[in-house]
Amino acid sequence: MRASTRPAVEWLAAAATDPRVCKRQWYGGSGTAVLTCGRFWDVLSVPEELGVLALDTLLCIPQAPGPVLADAAVRRVGFFLPPDPAGRWIGSDIRYLGHGARITVPPPHRAAGTLRWLVPPDGAGTLFVPAAVELALQQALRTLAAQADARGRCPTCGAHTAARHRVQSTGRPR
């Protein structure tokens, strides 16, 4: 393990019931460990397309990013947020993993199977500000809706929508 990744490994493993077992799983077992949310962080899991767009927005603000985990098998992205026992996120296909929820993670410095860090933990405990994530997700939804509208598809389900006709000043469809 590189010295620069040690703080990140220690921080992430601290969320495990037994950090030593967690590290053994990372380096000698499956390459992943199952950790419980709610003690050091919660995770907001969103569809991959939405999450990647939101992350692009979040990386443009002058604030250190929190960890972001992608799972290619289920096409989801998870943003690590401060623990919030009363946390409620409402949205289509949005999943909030709070106290007691479990998440499978690789070590901070490498991928394992379909799991990879888009932004690895920094070891200092930096997490995303929930309000910033909410605004970035809203912006991403607007972008996806505009793209879907241009393709004639519903941004939520992808179904074809009725064709729209542009009307010239003469009132005739173009």
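The values are calculated or read from the model by the stated rules, or taken from the named source; none is laboratory data. Worth saying up front: this structure is predicted, and the values here are computed from it rather than measured. We place every Cβ from the backbone using ideal geometry, glycine too, and count neighbours over all the protein chains shown. Calculation scope for accessible area: heavy atoms of the full protein, side chains included, ligands and nucleic acids excluded. Shrake-Rupley method; radii C 1.70, N 1.55, O 1.52, S 1.80 Å.
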Query raised in the report: In what sequence, highest mean first, do 68-74, 35-41 appear when ranked by Cβ atoms within 10 angstrom?
Result: 35-41, 68-74
Query raised in the report: Expressed in nm to one decimal, what extension gain is obtained for the pair Thr17 and Asp122 from 0.36 nm per residue of sequence separation less their Cα-Cα distance?
Result: 35.7 nm
Query raised in the report: At a 1.4 Å probe, what is the % contribution of carbon and sulfur to the accessible area of the chain?
Result: 55
Query raised in the report: Can you give the angle from 0 to 90° between the axis of helix 19-28 and the longest principal axis of the chain, with both taken from C-alpha atoms, to the nearest 10?
Result: 70
**Report entry** For the chain, convex hull of alpha carbons as volume per residue, Å³
**Finding:** 138
Query raised in the report: What FRET efficiency comes out for the pair Ala73/Thr36, r = Cβ-Cβ distance, R0 = 22 Å, nearest 0.05?
Result: 0.55
Query raised in the report: Using a 1.4 Å probe, what is the accessible area per residue for the chain, in Å²?
Result: 58
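How about region 97-132: which trypsin sites (Lys or Arg not before Pro) there lie in a loop by DSSP and see at most 16 other Cβ atoms within 10 Å?
Numbers: sites: Arg102, Arg110, Arg116; in loops: Arg110.
Answer by residue number: Arg110.
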**Report entry** Label point distance in nm, Gln139-Arg24, each placed 7 Å from Cα along Cα→Cβ
**Finding:** 4.5
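State, as an integer percentage, the relative contact order of region 54-97 based on alpha-carbon contacts under 8 Å between residues 6 or more apart.
Details: 22 pairs, mean separation 9.4, N = 44.
Reported relative contact order: 21 percent.
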Report task. Can you tell me which of 46-53, 128-135 comes out highest on packing, and rank the rest after it, using the mean Cβ neighbours within 10 Å? Result -> 46-53, 128-135
Requested in this report: Please give, to one decimal in nm, the separation of the simple spin-label points placed at Gln63 and Ala150, each 7 Å out from Cα toward the Cβ.
Outcome: 2.9
